[in-house]
Amino acid sequence: MIRSEGAWLRISLAALLSFSVLGMIFWGLFQIDLPFARFLRSLHIGWLERMGDLGTRLGSGAALLAVSGGLLLGGWLWKQPHVHTAGFKSLVAHGLSAVVVQALKHGIGRPRPRFLHADNGLPWRPSFESGLDSFPSGHTTASFAVAAVLAKSFPKIAWLLYTLAGFVAISRAVRGSHFPTDVIAGICLGTIVGMSVVYPIREWKQCLLAMTARFLPYLILVFSLLWLSTHLPGHSMTDPMMVAGIAVLAIGVAMRIFRVICRACALNAAGTVTQANRIIVIGVALTTGLWLITVVAGMLGVIQWLLYPEARTPSAALEKEPSFPPTHWMVLAELSVMIGLTLAVVTIQHLKGLLPIV
């Protein structure tokens, strides 16, 4: 009973922190929505516009209906119940997402970026007028709803499905059809709709939290790139945070190296590679010199620590493993990690304030 209460407390706290992180991401994106949309609309790059058009076509209702219909028909013709069911459920997810999106679009009535000729845009208000339907992105919502269903049915290509859905999402912002918050809202909403179709009601809570934890790192990465490229940290806080970030990175790298040198000893003394990677992520966030990125990165580490307690301590089987000398491949792997982290820190310094629109 004590263990179950402890697990319930961890899950509840992780859920609370997850929603807090999402709230912070949306708050941050709302700060840069208008200026970032103005910047994108000022660009007139041929290949970028063609990429936006391609993403729009991929996420269109006709394309998604063709995918669902093809699976539905193919599964029926070739006697593949699994494929037939995937097609049917993706069709249901697409239809459900359309209903939810249209209700939100017209109930909220956010003006699209093309109305940026006004100083602060137009006020949000319930409306059925054309152009007052920006939030959330319908293409993004439908694409992620279908992707979530098909990823459950075909897990081996889940990465491809979510990559294509992500491409659709990016294209909607790049093409100037939506604000960043519209797209992020579409990702979250579409994933929830897709999960509600493929999982039974009794599993919704657990699956929603698991999916949130899976997508949070990517959402935080996208948000961090946008926030970093549009903000210059104050000089008073940059140097101390930079020094702290380098120190934290050194601790994380040392934990990884110690584990390679003496696997059994490292598991008991320095923790797992997962723990080291969480420390490294916080170190990288600190090198940005921006408190918001650092806070969400730290909260992500706490969420993962709460959801995956088995990663805190080594398993009994690993504890009994004898130590062994590191192989050349292990050394090369750690060397590549250090090179990658160095490049990441250097890149971060060049990205700071790259788009000084805020």
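The table below gives the values:
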| quantity | calculated |
| --- | --- |
| Top-ranked residue of segment 142-199 - restricted to ones that are outside any helix (DSSP H, G or I) and of a type in the set (A, V, I, L, M, F, W, C), ranked as modelled with the lowest pLDDT | PHE179 |
| Residue within segment 15-23 that is part of a helix (DSSP H, G or I) and in contact with an Asp or Glu (Cβ under 7 Å, 6 or more places away or on another chain) present | no |
| Counted residues, segment 214-227 - those being within 15 Å of VAL281 (Cα to Cα), over 9 Å from the mean Cα position of the chain (by Cα) and crowded, with 19+ Cβ neighbours inside 10 Å | 1 |
| Odd one out for LEU161, checked against (1) exposed (fewer than 15 other Cβ atoms within 10 Å of the Cβ); (2) more than 27 Å from ILE108 (Cα to Cα) | (1) |
| Some residue of segment 121-133 being more than 21 Å from the chain's Cα centre (by Cα) and either part of a helix (DSSP H, G or I) or closer than 20 Å to SER196 by Cβ (or both) | no |
| All helices (runs of 4 or more DSSP H) inside segment 263-323 with 1 or more residues being modelled with pLDDT of 90 or more | 273-286, 291-307 |
| Unique match (being in contact with a helix residue (DSSP H, G or I) (Cβ under 7 Å, 6 or more places away or on another chain) and either surrounded by fewer than 16 Cβ atoms within 10 Å (Cβ to Cβ) or of a type in the set (Lys, Arg) (or both)) among GLY176, GLY138, GLY186, GLY131 | GLY131 |
| Segment 244-259 - residue that is under 12 Å from GLU334 (Cβ atoms) and surrounded by fewer than 18 Cβ atoms within 10 Å (Cβ to Cβ) and, of those, modelled with the highest pLDDT | ALA254 |
| Condition met for THR347 (in a helix (DSSP H, G or I), modelled with pLDDT of 70 or more, within 22 Å of VAL248 (Cβ to Cβ) and among the polar types (S, T, N, Q)) | yes |
| Filter result for VAL337 (modelled with pLDDT of 80 or more, more than 21 Å from the chain's Cα centre (by Cα), more than 30 Å from GLY6 (Cβ to Cβ) and of a type in the set (A, V, I, L, M, F, W, C)) | yes |
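The values are calculated or read from the model by the stated rules, or taken from the named source; none is laboratory data. These figures come from a predicted structure and were not determined experimentally. No Cβ is skipped: glycine too gets one built from the backbone with ideal geometry, and neighbour counts run over all protein chains shown.
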